Amino acid sequence: MLERLQQWRAIKAADGASVLDASPYNEWVYWDTLGYGKLPYDLVITNQLIASAEYYGVDIHSAIRGGVTVGTTTYNRDSKYGSYVFMSTFPFLDNSGQTMLLRGGEQYSRADAAELAGAYLAHEIGHLLFQFGHPFGQKACVMNPASMLRFKEWFDQLNGADCPIGSRPEMTAGAIPPTFNAAWLRMTQAQ
């Protein structure tokens, strides 16, 4: 994970700066903790690369990508759902060698990238609205995370009829309820 994470530093943005810099905006923990403060949104979409190494909450599918997060549904104290979604369009729009490698060579037109990002947003909305989990290995399920960043491959295997709601424990409403880290809550209240 750390080796791949270092490789992201070589990728340049349109302004010539590294897409992975010293700002907090690329760090998963930054986005994960926004809901402990005043966050009036249920959904936040960014074009920022979110790639970092964390001491908690690391999903295996993000770790093997070099710490790249496509989206996360996490705690939000001000949401009627108890959580919010943050999602990055970077993995869909970037065509650097690093991203192409993780996509298995898949290259997307802007229209394809928008469609695939929308489908992946449906995955995150499944977490937000229904609290579905990840039915790993169930390729027909929209809730099964994409392998690496192979979104087209993932999308082409989706079939709602083969993965109905309630068909697996992970596809049952309430499978993964919103949780919060009390230490983060105390820290944000003190500020």
Just a yes or no: is a residue in region 172-183 assigned to a loop (DSSP other than H, G, I, E, B), touching a Leu at 6+ places or on another chain (Cβ under 7 Å) and modelled with pLDDT under 95?
no
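With the structure loaded, tell me whether P91 is at pLDDT 90 or above, assigned to a loop (DSSP other than H, G, I, E, B) and not hydrophobic (A, V, I, L, M, F, W, C) or whether it fails that test. Break it down stepwise before answering.
Numbers: at pLDDT 90 or above: yes; assigned to a loop (DSSP other than H, G, I, E, B): no; not hydrophobic (A, V, I, L, M, F, W, C): yes.
For P91, the condition - at pLDDT 90 or above, assigned to a loop (DSSP other than H, G, I, E, B) and not hydrophobic (A, V, I, L, M, F, W, C) - is not met.
Please go through region 8-56 and give me each residue that is of a type in the set (S, T, N, Q) and within 20 Å of the chain's Cα centre (by Cα), ordered by number.
S23, N26, T33, T46, N47, Q48, S52, listed by residue number.
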Out of D78, D112, D94, which single residue is of a type in the set (D, E) and over 19 Å from the mean Cα position of the chain (by Cα)?
D78
Of all residues in region 24-37, how many are in a loop (DSSP other than H, G, I, E, B) and in contact with a helix residue (DSSP H, G or I) (Cβ under 9 Å, 6 or more places away or on another chain)?
1
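For G118, indicate whether it is under 29 Å from P40 (Cα atoms), without any contact (Cβ under 8 Å) to a residue 12 or more places away in the chain and not in a strand (DSSP E or B).
Values: under 29 Å from P40 (Cα atoms): yes; without any contact (Cβ under 8 Å) to a residue 12 or more places away in the chain: yes; not in a strand (DSSP E or B): yes.
Against the criterion (under 29 Å from P40 (Cα atoms), without any contact (Cβ under 8 Å) to a residue 12 or more places away in the chain and not in a strand (DSSP E or B)), G118 qualifies.
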Criterion (loosely packed, with under 14 Cβ neighbours inside 10 Å and part of a loop (DSSP other than H, G, I, E, B)) met by exactly one of G104, G133:
G104
For D156, indicate whether it is among the acidic types (D, E), under 25 Å from V68 (Cβ atoms) and open to solvent by 70 Å² or more (accessible area, probe 1.4 Å).
yes
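The values are calculated or read from the model by the stated rules, or taken from the named source; none is laboratory data. Computed from a predicted model, the values in this text were never measured in an experiment. FYI the Cβ positions are ideal-geometry reconstructions off the backbone, even for glycines, and counts take in every protein chain you see. Calculation scope for accessible area: heavy atoms of the full protein, side chains included, ligands and nucleic acids excluded. Shrake-Rupley method; radii C 1.70, N 1.55, O 1.52, S 1.80 Å.
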